[in-house]
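**Student:** Let me begin by handing over the structure; questions about it come next.
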């Protein structure tokens, strides 16, 4: 038994690691394709890109781990079936269920690790990832001088380079407008050619210009001589320096992102949901106090021995008023009705938003557990499915696993959407995909244990041939 268990474990660990790395690489490429325009051309240091990719990889574990378990389990048992090793195991009197014991133990360990990761490490990874991605997307472009366009990247200057060479540093047809305090372009510099480079500390951008002329306008020297003066200066070489320190990546305080539910662990989600419920309860009390101010009470001075029950005849009360009093009464009633309507609407919107916040917090709370459950449920599908189709490698197992994972992922995404919209309970929306695929896994396990060939094409071909022959005879 121990040798068989070691055989199964060795057959599983290598495909699992390979498929996990492949899936993580594919998801990372999808991340780069999605945000390539926000990252390229902004002058980031290499370690900023590496850090962002690392945090993005950590956030992709929630999707990569279940898919890797499904794919590797299909590959493992498919390879064992293709090489007739499952037949040898069954011939030795060992059932498929007993042969799956070591895999079950490994998957349970992976599920526990996934829960620990989703509760402790994933919130921190989400915090680092989203805060860094936000700062990167807010960063201005490092393409300071695009070709043929006036650039306002430098405060107080407007610069245009007519053409640029392939090296990206040699410029031709340079025009620089310097703005004064009132925002007017009083200084103009024109040069035929120039080169740009950064200082070693990255503080300034330097333009070395050749064969140019500078025009400057200055006001008159006194109030009596208001005529402006034009100064023209030609040069063979000149150097202009522009401050680019404001274009560096500025990190936002991470505490501003901690209120998002993806950045919270189980304890923080519980505390947040409890605090939101208290806000709802206190809001209900405040609503009652605000509404009661608009309710009118009529009081009649009581006398000793006078009956407490009064009958008010109000049918003709409004009709007995004068026309001006009627108009005033209607205007007052309409104004108070609008005030009550606005008040109730604002309080109702706040109440609805608070309830949705509780829904989202409960959804994130349940997702801490569904990652572990998904690994087990997809393993129950992958292991028997591999024993049935009896194909290893990255061919048919990849196609089958992608189909099942997409089925699980679509159901899970739809459930989460309904929860966020407030149309479904967080418990139902987060677990509905698990509830749907688990019976499929149990059914496949039963079929694999009974050596069912549900994916044998010949069986279905013979069935349809018999069916068509019967129709022809009839």
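**Student:** Among the residues in the stretch 30-41, are any within 30 Å of residue 391 (Cβ to Cβ) and either modelled with pLDDT of 85 or more or in the same structural domain as residue 376 (by TED's automatic domain parsing) (or both)?
**Tutor:** yes
**Student:** Can you give me the number of residues within the stretch 151-177 that are surrounded by fewer than 17 Cβ atoms within 10 Å (Cβ to Cβ), more than 14 Å from residue 208 (Cβ to Cβ) and either in contact with a helix residue (DSSP H, G or I) (Cβ under 6 Å, 6 or more places away or on another chain) or touching a residue at least 12 places away in the same chain (Cβ under 8 Å) (or both)?
**Tutor:** 7
**Student:** Pick out the one residue from 311, 259 that is at pLDDT 70 or above, loosely packed, with under 14 Cβ neighbours inside 10 Å, part of a loop (DSSP other than H, G, I, E, B) and out of contact with any helix residue (DSSP H, G or I) (no Cβ under 8 Å at 6 or more places or on another chain). Steps first, answer last, please.
**Tutor:** Working: 311 fails: at pLDDT 70 or above.
It is 259.
**Student:** When you go through 52, 71, 32 one by one, which is the residue that is within 30 Å of residue 145 (Cβ to Cβ) and crowded, with 20+ Cβ neighbours inside 10 Å?
**Tutor:** 52
The values are calculated or read from the model by the stated rules, or taken from the named source; none is laboratory data. These numbers were taken from a predicted model, which means no experiment stands behind them. No Cβ is skipped: glycine too gets one built from the backbone with ideal geometry, and neighbour counts run over all protein chains shown.
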